[in-house]
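Heads up: the structure comes next, in structure tokens.
The values are calculated or read from the model by the stated rules, or taken from the named source; none is laboratory data. Every value quoted in this text rests on a predicted model; they were computed, and no experiment measured them. Virtual Cβ from ideal backbone geometry, glycine too; neighbours counted across all protein chains shown. Only protein heavy atoms, including side chains, enter the accessible area calculation; ligands, DNA and RNA are left aside. Shrake-Rupley method; radii C 1.70, N 1.55, O 1.52, S 1.80 Å.
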Amino acid sequence: MTAESTSTVQRTANILHALGASDVTPESGLGVVEIARRVGREKSQVSRALKALSEVGFVERDPHTLTYRLGWQFFALASNAGQQRLRTVGPPVLRRLVGTVKEAGYLSVLCDRSALTVLSESPGRAVEAVGWVGRTTPLHSTSTGRALLMDRTPEETGHLLAGTDFSDAGPGAPNGLDDLMERTARARRTGYAVADEEFESGLVAVAAPVRDFSGRVVAAVNVSAPKYRAGGDLERLGRVVSAAGHQLTSAMKGRGRPA
């Protein structure tokens, strides 16, 4: 790669980093002059780069304010990369989690209106490619669902769960949307969600959110077990599962890969 090509790639990367800064919102965006100031380049160079990025969907220009923001193609690429990284960093964290609690552990993502299991681990065994992997569970009656909903507003949750039959669950499940939101708020405060006989009688579970580089919840890690074996130890399980969620979040943000 020539020096000129390297400079072009670096300039493009710096522009994307500037648009993805924490103080830049989708509503505000950044103007060309401000972007040029942040990346230390001439305005004409930045304008040409933004035009090229806009043509392939990596940035968008607001027709009214003339400011720029990250585009749909950038987020699509980031989402795909995030899912690949999740499958890479997930297994070692699950192995350590299951080795600590001696109960089954799972990693799930939001899929339509359900939680889809993408990795699972059983005590004393390698990460499974069968069993719960590929299966979905409800959002309203599982700790995993609560962790995946943790950052959503009541309006967003209501829209997502419109038409859900709250009576179709275990004896400890929420009785409606308001009850679910109260339990979700409690999970947000503690950092983990607890489901006590919500999915089915005799089963307890604890889940914690996993976040990507932007801080968005992209997955949930959870442990489930028979109530007679783990029902009296849910607070400790919550702390351990929450720690696993933080480990995965750090890895998703590029702060090292769990070994």
Which residues, taken from the stretch 1-36, are of a type in the set (Asp, Glu), open to solvent by 60 Å² or more (accessible area, probe 1.4 Å) and modelled with pLDDT of 75 or more?
Asp23
Testing Val194 on (1) open to solvent by less than 30 Å² (accessible area, probe 1.4 Å); (2) assigned to a strand (DSSP E or B); (3) over 30 Å from Phe74 (Cα atoms), one condition comes back false. Which one is that?
(1)
Residues (in a loop (DSSP other than H, G, I, E, B), in contact (Cβ under 8 Å) with a residue 40 or more places away in the chain and open to solvent by less than 20 Å² (accessible area, probe 1.4 Å)) located in the stretch 162-184
none
Does Phe199 count as closer than 17 Å to Thr117 by Cβ, open to solvent by 50 Å² or more (accessible area, probe 1.4 Å) and out of contact with any Cys (no Cβ under 9 Å at 6 or more places or on another chain)?
yes
Of the numbered conditions (1) part of a helix (DSSP H, G or I); (2) open to solvent by 20 Å² or more (accessible area, probe 1.4 Å); (3) at pLDDT below 90; (4) not charged (D, E, K, R), Leu86 fails exactly one; give the number of that condition.
(2)
Count, please, the residues in the stretch 155-182 that happen to be under 17 Å from Asp196 (Cα atoms) and of a type in the set (Val, Ile, Thr).
0
Of a type in the set (A, V, I, L, M), open to solvent by less than 60 Å² (accessible area, probe 1.4 Å), touching a residue at least 24 places away in the same chain (Cβ under 8 Å) and over 27 Å from Leu16 (Cβ atoms), is that true of Leu248?
no
Would you mind stating whether Leu94 is within 23 Å of Thr249 (Cα to Cα), open to solvent by 20 Å² or more (accessible area, probe 1.4 Å) and at pLDDT 85 or above?
no
Val39: passes all of (1) surrounded by 11 or more Cβ atoms within 10 Å (Cβ to Cβ); (2) modelled with pLDDT under 80; (3) closer than 27 Å to Asp212 by Cβ but (2)
